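Peer 1: The structure that follows is given in the form of structure tokens.
The values are calculated or read from the model by the stated rules, or taken from the named source; none is laboratory data. From a predicted model like this one, the values you see are computed outputs, not experimental measurements. Ideal geometry is used to build each Cβ from the backbone, glycine not excepted, and the neighbour counts take in all protein chains shown.
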Amino acid sequence: MEITVQWIRTSWTKQSRGGDAAARRNAAPIGLAVPLGWASSVHTVRMHEGDDFEPHESPEQLRSANISLRETEGRLRVRPRVEPLFGLPPRPRRPPAVRLHPAQWVRWQLNYRFSSAAGVRDWSYWLDTFNVAYGPAGADLFLSAPTVFVDERGAVR
């Protein structure tokens, strides 16, 4: 069955933690229209504060996404991988995988905080949003409300 994956990574530094910069960051989309013909690949979208959170889209191979997908007994098992393992916040107990029936989709969000090894640079942050549809999906599907929403974001102060 057809699987559509959209992986949105928004990244920023302490410069976008408050005020107008944080408002622009918070206005960055968590779902976009999927370009025609990209259903068998991952619709990858990257946004960074350096270019004012402008979306940069590219297709990637399904196996290159940080997500585990497995079809069994007519359902799709979905669970993002947490990488890199050293990114905060700590995740001692993660939610279970989501099992989608055909025509369902999940939005799963995870966040991270990093520092440079030597403490030379400021903190940096990521928000990963995975939108995954099982079965035929229209181009605008990820602009609507998901069937399942998993919020795995934690405090990253």
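Peer 1: Of the conditions (1) closer than 15 Å to residue 4 by Cβ; (2) under 16 Å from the mean Cα position of the chain (by Cα); (3) among the hydrophobic types (A, V, I, L, M, F, W, C), residue 76 satisfies every one except a single condition; which number is it?
Peer 2: (2)
Peer 1: Take the stretch 116-139 and flag every residue that is modelled with pLDDT of 75 or more, farther than 19 Å from residue 10 by Cα and assigned to a loop (DSSP other than H, G, I, E, B).
Peer 2: Within the stretch 116-139, 135, 136, 137, 138, 139 meet the criteria.
Peer 1: Going by the structure shown, is residue 7 over 14 Å from the mean Cα position of the chain (by Cα), part of a strand (DSSP E or B) and among the aromatic types (Phe, Trp, Tyr)?
Peer 2: The answer is no for residue 7.
Peer 1: What is the number of the single condition among (1) out of contact with any strand residue (DSSP E or B) (no Cβ under 9 Å at 6 or more places or on another chain); (2) of a type outside the set (Gly, Ala, Ser); (3) more than 30 Å from residue 15 (Cβ to Cβ) that residue 26 does not meet?
Peer 2: (3)
Peer 1: Follow-up. Out of all the residues in the stretch 18-48, which are more than 21 Å from residue 107 (Cβ to Cβ), touching a residue at least 12 places away in the same chain (Cβ under 8 Å) and assigned to a loop (DSSP other than H, G, I, E, B)?
Peer 2: If the condition is that a residue be more than 21 Å from residue 107 (Cβ to Cβ), touching a residue at least 12 places away in the same chain (Cβ under 8 Å) and assigned to a loop (DSSP other than H, G, I, E, B), then 36 is the only one that fits.
Peer 1: Residues being touching a Pro at 6+ places or on another chain (Cβ under 9 Å), surrounded by 11 or more Cβ atoms within 10 Å (Cβ to Cβ) and farther than 20 Å from residue 126 by Cα: count how many of those fall in the stretch 65-86.
Peer 2: The total comes to 2.
Peer 1: Then there is this: Any residue that is within 18 Å of the chain's Cα centre (by Cα), hydroxyl-bearing (Ser, Thr, Tyr) and surrounded by 14 or more Cβ atoms within 10 Å (Cβ to Cβ) - is there at least one of those in the stretch 46-64?
Peer 2: Taking every residue of the stretch 46-64 in turn, none turns out to be within 18 Å of the chain's Cα centre (by Cα), hydroxyl-bearing (Ser, Thr, Tyr) and surrounded by 14 or more Cβ atoms within 10 Å (Cβ to Cβ).
Peer 1: In this structure, is residue 147 of a type in the set (S, T, N, Q), crowded, with 18+ Cβ neighbours inside 10 Å and modelled with pLDDT of 90 or more?
Peer 2: For residue 147, the condition - of a type in the set (S, T, N, Q), crowded, with 18+ Cβ neighbours inside 10 Å and modelled with pLDDT of 90 or more - is not met.
Peer 1: Among the residues of the stretch 22-31, are any touching a helix residue (DSSP H, G or I) at 6+ places or on another chain (Cβ under 7 Å), modelled with pLDDT of 95 or more and crowded, with 18+ Cβ neighbours inside 10 Å?
Peer 2: Checking the stretch 22-31: at least one residue is touching a helix residue (DSSP H, G or I) at 6+ places or on another chain (Cβ under 7 Å), modelled with pLDDT of 95 or more and crowded, with 18+ Cβ neighbours inside 10 Å.
Peer 1: Being under 15 Å from residue 139 (Cβ atoms) and out of contact with any Pro (no Cβ under 9 Å at 6 or more places or on another chain) is the filter here; which residues of the stretch 9-39 pass it?
Peer 2: 33, 34, 36
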